[in-house]
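Notes follow the structure.
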Amino acid sequence: MPKKKKFARESLVTKTELVLPNDTNTLNNLMGGKLMHWMDIASAISAQKHSNRIVVTASADNISFGQGIQLGNVVTLKAKVTRAFNSSMEVHVIVTAEDVPSGRKIESNQAFFTFVAVDQSGRPIDVPELVPETEEEEKLYRSALQRRQLRLVLANRMKPQDATELKSIFFDPDKK
Ligand SMILES: CC(C)(COP(=O)(O)OP(=O)(O)OC[C@H]1O[C@@H](n2cnc3c(N)ncnc32)[C@H](O)[C@@H]1OP(=O)(O)O)[C@@H](O)C(=O)NCCC(=O)NCCS
């Protein structure tokens, strides 16, 4: 039976939070772990919307914290599935922080999460194909295969020689 198809836009999730005193460190900056928790939730809901299944977090790619998010800022997380494979889905999450009184807004973080759709016993189960529509969605869709192979090689779940999209990184074509 052919796989069901769903548009990327159908998985869009927007989550808004206010940074309260309990969320911050002693410098009044949002704690990294708290932000990762919000990122995990927003992207898990996105993967659930795509798959209409229970999902579990399989991995989160390098999340960096370039700029602190201040107490009182409004944090907006936008998550969308970039590509679906067999049972797994890659989700891109972008975080912006806004100081509402001044209107100052920064894009503070972004990351790629991978979720796996599972059945009631926790076994991986196939998900619909993802159809990108916009130029940005198509760009993320195309590059998702490279990111998938890199994370599977790093997790020791794929041999570097099987990572077809990464040969130029792992193997020098000029070396005999
Ligand atoms: C994720 C999990 C379901 C994978 O189960 P598994 O028995 O190893 O299943 P498989 O080897 O068949 O892999 C299933 C999918 O997971 C993907 N996957 C497994 N480990 C991965 C990793 N580290 N990073 C990205 N994807 C991963 C595989 O690529 C595969 O994707 P595909 O079906 O689209 O090809 C299982 O490891 C699990 O339940 N982990 C705990 C999840 C959890 O509790 N998360 C909360 C964080 S504490």
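The values are calculated or read from the model by the stated rules, or taken from the named source; none is laboratory data. These figures come from a predicted structure and were not determined experimentally. Every residue, glycine as well, gets a Cβ built from its backbone with ideal geometry; the counts of neighbours run over all protein chains shown. Side chains are part of the model used for accessible areas, which takes the heavy atoms of the whole protein and leaves out ligands, DNA and RNA. Shrake-Rupley method; radii C 1.70, N 1.55, O 1.52, S 1.80 Å.
Structure notes:
- Computed Kirkwood radius, in angstrom, where 1/r is averaged over Cα pairs of region 17-63: 12.2
- Restricting the calculation to Cα atoms, region 69-172 yields a radius of gyration followed by a Dmax of 17.3, 53 Å.
- Quotient of C-alpha Rg and 2.2 N^0.38 Å, computed over the chain: 1.15
- Estimated dipole of the chain in Debye, rounded to 20 [Cβ of Lys and Arg +1, of Asp and Glu -1, Cα centre]: 500
- Dipole magnitude of region 1-100 about its Cα centre (Cβ charges: Lys, Arg +1; Asp, Glu -1), debye to nearest 20: 800
- Take 37-44, 52-59 and order them by the average number of nearby Cβ atoms within 10 Å per residue, most first; the result is 37-44, 52-59.
- Length gained when the stretch Ser64-Met36 is fully extended (0.36 nm per residue, less Cα-Cα span): 9.0 nm
- Charged-residue dipole, Cβ positions (Lys, Arg, Asp, Glu), region 70-151 about Cα centre, Debye nearest 20: 300
- Cβ-based charge dipole, region 33-130, positive-most Cα from Pro124, Ala84, Asn73: Asn73
- With both labels modelled 7 Å from their Cα along Cα-to-Cβ, the Val74 to Ile45 distance reads 1.6 nm.
- 16 Å Cα-Cα reach of Lys5 towards aspartates and glutamates, excluding residues that sit fewer than 8 places from it in its own chain: Glu90, Asp126, Glu129, Glu133, Glu137, Glu138
- The 3J(HN,Hα) values that the Karplus relation (6.51, -1.76, 1.60; θ = phi - 60°) gives for region 126-137 are, in residue order, 4, 10, x, 5, 9, 10, x, 10, 7, 4, 5, 5 Hz. Gly and Pro appear as x.
- For the chain, the longest principal axis of the Cα atoms and the long axis of helix 32-51 meet at an angle of about 50 degrees.
- Accessible surface of region 1-153 [probe 1.4 Å, protein heavy atoms]: carbon and sulfur percent: 52
- Residue pairs, from the table Lys3/Lys78; Lys49/Lys139; Lys34/Lys139; Lys6/Lys49; Lys3/Lys80, whose Cα atoms sit over 18 Å apart: Lys3/Lys78; Lys49/Lys139; Lys34/Lys139; Lys3/Lys80
- Furthest towards positive pole of dipole, Met1, Leu140, Leu20, structure part the chain, Cβ charges: Met1
- Protection proxy ranking for 100-109, 126-135, 15-24, 73-82, using the average of other Cβ atoms within 10 Å per residue and placing the highest first: 73-82, 126-135, 15-24, 100-109.
- Choice from Gln67, Gln48, Gln120 showing the highest fluctuation, given a GNM over the chain with Cα pairs closer than 10 Å: Gln120
- Length-normalised contact order of the chain in % [C-alpha pairs under 8 Å, at least 6 apart]: 24
- Cross-link reach is defined here as a Cα-Cα straight distance under 17 Å, omitting same-chain residues fewer than 8 places apart; for Lys167 none of the aspartates and glutamates meet it.
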